[in-house]
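The values are calculated or read from the model by the stated rules, or taken from the named source; none is laboratory data. Bear in mind that the values here come from a model prediction, so they are computed numbers and not experimental data. Heads up, the Cβs are rebuilt from the backbone with ideal geometry, glycines too, and the neighbour counts pull from every protein chain shown. We work out accessible area using only protein heavy atoms, side chains counted, and drop any ligands, DNA or RNA first. Shrake-Rupley method; radii C 1.70, N 1.55, O 1.52, S 1.80 Å.
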Amino acid sequence: PHPPPLLLAYLLLERAPRHRADGSIQEVNVSPCPTQPCLLHKGTSYSINVTFASKIESQGSKARVYGEMLHVDIPFPIPEPDGCKSGIQCPIQKGHSYSYLNKLPVKSEYPSIKLIVKWELVDDQDQMLFCWKIPVQITS
């Protein structure tokens, strides 16, 4: 039997190492994404759900999403970068767990390529609350 997609995404999750995180990820779910790399179809929107615990207090939070190719980060625009409008009850409190919910729209003009999607959430001091990466394949 195959492991459930949620578990698969979590097991293959790679934490971005360049920053000390002010939160700890408990679970990441990209849907629909039954196997990795995630097949992202152009013109489709994908659901992102990250459960994390905060180690700090913050008035707000902001998401930054990148496509990583050849170790270069290309900003990937998302419709709602404000974490407080994405399921997180702000202000963020130390020791509390939050569910961050967002959408990843795959535009039809994107090239058909393999890349790594890197998703960061930063606090109001620009410190990392969480960062995770997932390999994807953009397809028609």
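Among the residues of region 99-114, those identified as touching a Leu at 6+ places or on another chain (Cβ under 9 Å) and not β-branched (V, I, T) are Y100, L104, Y110.
Selection of region 82-91 for residues being in a helix (DSSP H, G or I) and either among the β-branched types (V, I, T) or open to solvent by 80 Å² or more (accessible area, probe 1.4 Å) (or both) yields only K85. Report yes if K133 is assigned to a strand (DSSP E or B) and open to solvent by 70 Å² or more (accessible area, probe 1.4 Å), otherwise no. It is false that K133 is assigned to a strand (DSSP E or B) and open to solvent by 70 Å² or more (accessible area, probe 1.4 Å).
Of all residues in region 40-59, those satisfying the criterion of being open to solvent by less than 60 Å² (accessible area, probe 1.4 Å) and under 26 Å from D124 (Cα atoms) are S47, I48, N49, V50, T51, F52, A53, S54, I56, S58. For region 7-14, the criterion of a residue being aromatic (F, W, Y) and at pLDDT 50 or above is satisfied by no position.
When K62, K118, K94 are checked against the criterion of being assigned to a strand (DSSP E or B) and open to solvent by 20 Å² or more (accessible area, probe 1.4 Å), a single residue qualifies: K62. With the condition kept exactly as written, say whether any residue in region 115-136 is free of Cβ contacts under 8 Å to residues at least 12 places away in the same chain and within 15 Å of D22 (Cα to Cα). Yes; the residues of region 115-136 include at least one that is free of Cβ contacts under 8 Å to residues at least 12 places away in the same chain and within 15 Å of D22 (Cα to Cα). In region 18-59, counting only strands (runs of 3 or more DSSP E) that sit wholly within it, none holds 1 or more residues that are among the aromatic types (F, W, Y), in contact (Cβ under 8 Å) with a residue 12 or more places away in the chain and touching a helix residue (DSSP H, G or I) at 6+ places or on another chain (Cβ under 8 Å). Out of P37, P79, P75, one residue alone is open to solvent by 70 Å² or more (accessible area, probe 1.4 Å) and touching a Pro at 6+ places or on another chain (Cβ under 8 Å). It is P79. Condition first: more than 14 Å from L40 (Cβ to Cβ) and in contact (Cβ under 8 Å) with a residue 60 or more places away in the chain. Can you find one or more residues in region 88-97 that meet it? Within region 88-97, one or more residues are more than 14 Å from L40 (Cβ to Cβ) and in contact (Cβ under 8 Å) with a residue 60 or more places away in the chain.
Being over 19 Å from V28 (Cα atoms), modelled with pLDDT of 95 or more and not acidic (D, E) is the requirement here; does H41 meet it? For H41, the condition - over 19 Å from V28 (Cα atoms), modelled with pLDDT of 95 or more and not acidic (D, E) - is met.
Each residue in region 97-115 was checked for being hydrophobic (A, V, I, L, M, F, W, C), farther than 19 Å from D73 by Cβ and not in a strand (DSSP E or B), and 0 pass.
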